[in-house]
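Enquirer: Handing you this structure, nothing more for now.
The values are calculated or read from the model by the stated rules, or taken from the named source; none is laboratory data. Everything quoted here is computed from the prediction, not taken from an experiment. All Cβ positions, glycine included, derive from the backbone under ideal geometry; neighbour counts span all protein chains shown. What goes into the accessible areas is simple: the full protein's heavy atoms, side chains included, and nothing from ligands, DNA or RNA. Shrake-Rupley method; radii C 1.70, N 1.55, O 1.52, S 1.80 Å.
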Amino acid sequence: NYFAQQLGAEFFLVDRSSYPYSARAIHRNLSKGWPALPKAVRRSLALRVALVGPESSGKTSLSKYLAEKFETCRVEEMASVIAAKRRGKLQTSDFLAIAQAQIRAEDAAAGICNRVLFCDSQLDNLAQWDVRLFGPPQKELEQLARERRYDHIFVLTRESTSDDAYNFRLGLEERLKHQQAA
């Protein structure tokens, strides 16, 4: 009580029987203590798994399955959501807004997920599509893509030998290698 007064804070006694978590117990077993963590802490600790690949490679189906299997959240690809609203007519200026929407959706879901968050896409994938469709990279979008980290990235491919699918894989592989080197 004296210490709280010196700090100008309100003293408050925690009844351990009504709050069964301790920092030590959470540190020992993060999964068990996960419900006790505030959303802001969960956002920073959630494992982010991104599924990337060309159209119709199964990203959405797999992320839905994994989220259900692990009883957690998934974030759909915001580019698909926004493209559907605009009837498929996207402009290069839309890509930065899509990236910001993707970040907001991922951060919100990471705060409520069950330790793992599955993402239908990731920002390097979005930046790659922007360059492929509209030309020179946007500096802000590239910066967001460099800053955004995922714990695991799985590249899905379909059984296609088309130049488009092959170029997609090569471009994404190059981007991810460059990101790891940075």
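Enquirer: Residue separation times 0.36 nm, minus the C-alpha to C-alpha distance between residue 23 and residue 133: what's the value? List each step's numbers first, then the result.
Expert: Working: separation 110, 0.36 × 110 = 39.60 nm, distance 4.90 nm.
Result: 34.7 nm gained on full extension.
Enquirer: Which value, in nm² and rounded to one decimal, describes the direction-averaged projected area of the C-alpha convex hull of the chain?
Expert: Numbers: hull surface 59.8 nm².
Result: 14.9 nm².
Enquirer: Spit out the partnerless Cys residues in the chain, using Cβ distances under 4.7 Å as the pairing rule.
Expert: When partners are defined as cysteine Cβ atoms under 4.7 Å apart, the chain leaves 119 without one.
Enquirer: Counting only protein heavy atoms and a 1.4 Å probe, tell me what percentage of the range 69-117's accessible area is made up of carbon and sulfur.
Expert: Numbers: 1380 of 2700 Å².
That share works out to 51 percent.
Enquirer: Chymotrypsin sites (Phe, Trp or Tyr not before Pro), restricted to the range 1-45: which are DSSP loop and have at most 16 other Cβ atoms within 10 Å? Can you show the working numbers first?
Expert: Details: sites: 2, 3, 11, 12, 21; in loops: 11, 12, 21.
Passing both the DSSP loop test and the Cβ count: 11, 12, 21.
Enquirer: Here's a follow-up. For the full complex of protein chains and a 1.4 angstrom probe, list 27, 152 by accessible area with the highest value first.
Expert: Working: 27 160, 152 90 Å².
Result, largest first: 27, 152.
Enquirer: A further question on this structure: What residues from the range 44-86 fall in the zone where the backbone N is under 18 Å from a label point 7 Å along the Cα-to-C-beta line of residue 92?
Expert: No residue qualifies, since no backbone N sits under 18 Å from the label point.
Enquirer: Just in the range 1-100: which GluC sites (Glu not before Pro) are loop by DSSP and have at most 12 other Cβ atoms within 10 Å? Mind showing how you got there, number by number?
Expert: On the way: sites: 10, 55, 68, 71, 76, 77; in loops: 10, 55, 71, 76, 77.
Those satisfying the criteria are 10, 55, 71.
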